[in-house]
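Asker: Supplied in structure tokens, the structure appears directly below.
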Amino acid sequence: YRNKAKASKLLKEHKEDPAKIVEQGYNQMAADYGQWTLNHARPDRSKYTQLIIEQLKPGADLLELGCGPGEPTTRTLAEHFKVTANDISSSCLELAAKHAPSATLIQSDMTSLSFDPNSFDAVVAFYSFHHVPRERYQPLLNDIAKWLRPGGKFVSAMFPYDVDNLVTTEGWHGSNMYWSSYGEEKTLELIANAGLNVLSTSRESAVESGKETTFLWVVAERPAH
């Protein structure tokens, strides 16, 4: 009961900007989360990282939304591409700067980012969309479609469940955390509404802290014409 009351209080405090819960949580646990990511077997991460490497030309312009501590995804992508990486947590970005020194790093809520149209050959978001209030998904996806060049790829791991403004207290690496997502059908509808063609979808599961966690991986493309 105390945890539910605490979660309710946190969400009420940050009702206009639940991103603060995400920012504070990842600032608190950045180093621990980074080590956990490295030691945690999640085959889908490497699978889709390799897919991006195979589909883009070396030196392509790539935007990563929610890069976290930058290891291993940002580091690997920056070895092949010109990477711009975003995260809301200053502590995570301090680590990302060490792991991917060639990347351009931007501290921001991803829904507040602004880029010129046709700026990127790919936009990727690995396990980060579910920390954004779901009512902001469509505007963000619309932006992503504009930022992509014709033929550009959008690759993302989306949480495929109906979760509305959930706050967990001290259950995510000892920190409070905010979660929000739609089910698979609605998620794919929003991506299509943004003008992106869905090329493939796949549910990928792995055991995290003794529990199976499943993400919906989506590969989409801005039409070439």
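Asker: Output the direction-averaged projected area (hull surface divided by four) of the convex hull of the alpha-carbon atoms of the stretch 115-205, in nm².
Answerer: Numbers: hull surface 25.5 nm².
Quarter of the Cα hull surface area: 6.4 nm².
Asker: Ordering Asp44, Asp164, Asp116 by accessible area with a probe of 1.4 Å, largest first, what comes out?
Answerer: Correct descending sequence by accessible area is Asp116, Asp164, Asp44.
Asker: So what is the accessible area of the stretch 56-104 per residue, in Å², with the probe set to 1.4 Å?
Answerer: On a per-residue basis, 39 Å².
Asker: Could you order Asp17, Asp61, Asp162 so the one with the most accessible surface comes first? Probe is 1.4 Å.
Answerer: Asp162, Asp17, Asp61
Asker: Near Ala96, within a Cβ-to-Cβ distance under 12 Å, what is the net charge of the other residues, with Lys and Arg +1 and Asp and Glu -1? Mind dumping the intermediate values first?
Answerer: Details: positive: Arg75, Lys98; negative: Glu64, Glu71, Asp87, Glu94.
Every neighbour counted, the sum reads -2.
Asker: In a shell of Cβ-Cβ distance under 13 Å around Met158, excluding Met158 itself, what net charge do Lys and Arg (+1) and Asp and Glu (-1) give?
Answerer: -3
Asker: What number comes out for the charge environment of Asn118, summing +1 per Lys or Arg and -1 per Asp or Glu over other residues with Cβ under 12 Å away?
Answerer: Details: positive: Lys146, Arg149, Arg222; negative: Asp61, Asp116, Asp121.
So the surrounding residues net to 0.
Asker: Under 5 Å between amide H atoms, partner at least 5 residues away or on a different chain: which partners does Phe154 have, H built in plane at 1.01 Å?
Answerer: Sorted by chain and number, the residues that satisfy this are Val123, Ala220, Glu221, Arg222.
Asker: Also, quick follow-up: Accessible area of the stretch 90-225 with a 1.4 Å probe: how many percent of it is carbon plus sulfur?
Answerer: That fraction is 46 percent.
Asker: Another one. Please express the shape of the stretch 68-225 as an equivalent ellipsoid: the semi-axes are the square roots of 5 times the eigenvalues of the C-alpha gyration tensor, given largest first in whole angstrom.
Answerer: 23, 21, 15
Asker: Right, something else. Work out Dmax and Rg for the stretch 56-103 from the C-alpha atoms and quote the Rg first, both in angstrom.
Answerer: 9.7, 31
Asker: Can you give me the three principal axis dimensions of the stretch 87-150 from its C-alpha atoms, in Å, biggest first?
Answerer: Answer, in whole Å and largest first: 31, 26, 18 Å.
The values are calculated or read from the model by the stated rules, or taken from the named source; none is laboratory data. Since we're looking at a predicted model, the values are computed, not measured. As a convention, Cβ positions derive from the backbone with ideal geometry for all residues, glycine included, and neighbour counts pool all protein chains shown. Ligands, DNA and RNA are excluded from the accessible area calculation, which covers all protein heavy atoms including side chains. Shrake-Rupley method; radii C 1.70, N 1.55, O 1.52, S 1.80 Å.
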